[in-house]
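> Here you go, one structure.
Each value in this text was obtained by applying a stated rule to the coordinates, not by laboratory testing. No experiment lies behind these values; they were computed from the predicted model shown. Ideal geometry is used to build each Cβ from the backbone, glycine not excepted, and the neighbour counts take in all protein chains shown.
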Amino acid sequence: MRTAIPWAMADLVPHAGRMRLLDAAIDGDDESLTACVEIRADSLFFDGVGVGAWVGIEYMAQAVAAWAGWRARLDGGSPKVGFLLGSRRYSTSRSRFLLGEVLLVQAQRQFQADNGLGHFDCTLAIDGVQVASSALTVFEPDDVSQFLRKRGDG
C-alpha cells in the first residue's frame with residue numbers, strides 16, 4: 001500500500017542547499033518512492049531553456065536517497081550518506097527538461113544486500129509519459145566516515 005510521505009526533502013536526503021534537487025517526496029511503500037521536481041529558472045543546471053537530460057540520473061539517485069531516508073525515519077533513525085556506484089541503460093527521449101515541466105521520479109528497489117549494496121530501477125515521467133529510465137547501483141555504508149578513512153589509506 002502506498003503511503004504519503006510527511007517529511008520534507010531536507011529531512012530525507014543528506015544533500016544541502018541547491019544540491020538538493022528534488023522538490024518533494026510524494027508517496028512510497030516498502031520497495032519504492034515517487035518524488036517530483038519542477039524545472040524552474042533557479043534550478044541548478046538550468047541553461048536558460050531547461051535542464052539537460054543528463055541530470056536525470058541525479059534526480060533518480062536522489063529519489064533512491066529519499067527512499068532510504070524515509071525508511072530510516074520510519075525506523076526512528078536519520079538519513080545516511082550513500083553513493084551512486086553506477087547506472088545502466090540510461091535512456092531518455094529528450095535532450096533537456098524544459099522550464100515549467102514537472103517530472104515525477106520513480107525509484108523501485110530490486111534488491112538490497114546486507115552490506116549496503118542496492119539496485120533500483122528508476123523512471124522519469126512528464127504528464128504521465130515516461131521520458132527517461134535507468135537502473136542504478138547504489139551503496140550505503142554503515143559508517144560513512146570509517147568507509148572513507150579506509151579508502152584514504154590505500
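> Mind giving me the FRET efficiency for Ser145 and Leu99? R0 is 35 Å, r the Cβ-Cβ distance, nearest 0.05 is fine.
Efficiency, from the Cβ-Cβ distance: 0.35.
> Have a look at Gly116, Gly69, Gly50 and tell me which one the Gaussian network model of the chain (Cα, springs below 10 Å) gives the largest fluctuation.
Answer for the Gaussian network model of the chain: Gly116.
> Which entry in [x] 1.68; [y] 1.08; [z] 1.03 matches Cα Rg over 2.2 N^0.38 Å derived from the coordinates of this structure?
[z]
> Still on this structure, please answer the following. Could you check which residue among Gly77, Gly52, Gly118 shows the biggest mean-square fluctuation in a GNM of the chain with a 10 Å Cα cutoff?
Greatest mean-square fluctuation among the candidates belongs to Gly77.
> So, one more: Could you size up the charge dipole of the chain around its Cα centre, putting +1 on the beta carbon of Lys and Arg and -1 on that of Asp and Glu, and report it in debye to the nearest 20?
380 debye
> Round to the nearest 10 and give me the degree value, 0 to 90, for the angle of helix 56-74's Cα axis relative to the longest principal axis of the chain.
The answer is roughly 50 degrees.
> Here is a further query. Mind checking which of Ala24, Ala63, Ala41 has the largest fluctuation in a GNM of the chain, springs on alpha carbons under 10 Å?
Highest fluctuation of the listed residues: Ala41.
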